[in-house]
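The values are calculated or read from the model by the stated rules, or taken from the named source; none is laboratory data. As the structure is a computational prediction, the values presented were derived from the model and not from experiment. Neighbour counts are summed over all protein chains in view; Cβ atoms, including those assigned to glycine, are modelled from backbone coordinates with ideal geometry. The area values use the complete protein model at the heavy-atom level, side chains included, leaving out ligands, DNA and RNA. Shrake-Rupley method; radii C 1.70, N 1.55, O 1.52, S 1.80 Å.
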Amino acid sequence: MTAQPHLDWPFFAAPHRLLVRDAARWARDALGDWTDAPDADTVCRRLVREMGAAGWLAYAVPPERAKS
């Protein structure tokens with residue numbers, strides 16, 4: 001059994017599993033420890049900024065709405 005057994009469900013394909021692996025790796029390597037953040041707002045703003053810079057927010061926008 002995997003650590004994320006839902007990824008074994010039949011409607012998840014190899015690209016989904018790769019996306020999960022890559023996102024988890026990015027989060028572990030890029031985000032580090034945020035225990036020094038003064039408040040949740042600061043953490044959220046930093047998280048969104050860093051996710052955008054890394055391209056992860058592209059998954060939240062339909063392709064027809066994304067800028068080229």
Legend entry - Filter result for R21 (of a type in the set (K, R), within 19 Å of A60 (Cα to Cα) and open to solvent by 100 Å² or more (accessible area, probe 1.4 Å)): yes
Legend entry - Condition met for A37 (assigned to a helix (DSSP H, G or I) and either modelled with pLDDT of 90 or more or surrounded by 10 or more Cβ atoms within 10 Å (Cβ to Cβ) (or both)): no
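Anything in region 41-55 that is small (G, A, S) and open to solvent by 70 Å² or more (accessible area, probe 1.4 Å)? List them, or say none. Step through it out loud before you land on a result.
First pass over region 41-55, keeping only residues small (G, A, S): 52-55.
Of everything in region 41-55, just one residue is small (G, A, S) and open to solvent by 70 Å² or more (accessible area, probe 1.4 Å), namely A53.
From the list A13, A58, A66, which one is open to solvent by 60 Å² or more (accessible area, probe 1.4 Å) and without any contact (Cβ under 8 Å) to a residue 24 or more places away in the chain?
Values: A13 fails: open to solvent by 60 Å² or more (accessible area, probe 1.4 Å); A66 fails: open to solvent by 60 Å² or more (accessible area, probe 1.4 Å).
None of the others qualify; the one that does is A58.
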Inset, instruction - Report yes if some residue within region 24-31 is in a loop (DSSP other than H, G, I, E, B), surrounded by 10 or more Cβ atoms within 10 Å (Cβ to Cβ) and hydrophobic (A, V, I, L, M, F, W, C); otherwise report no. - result: no
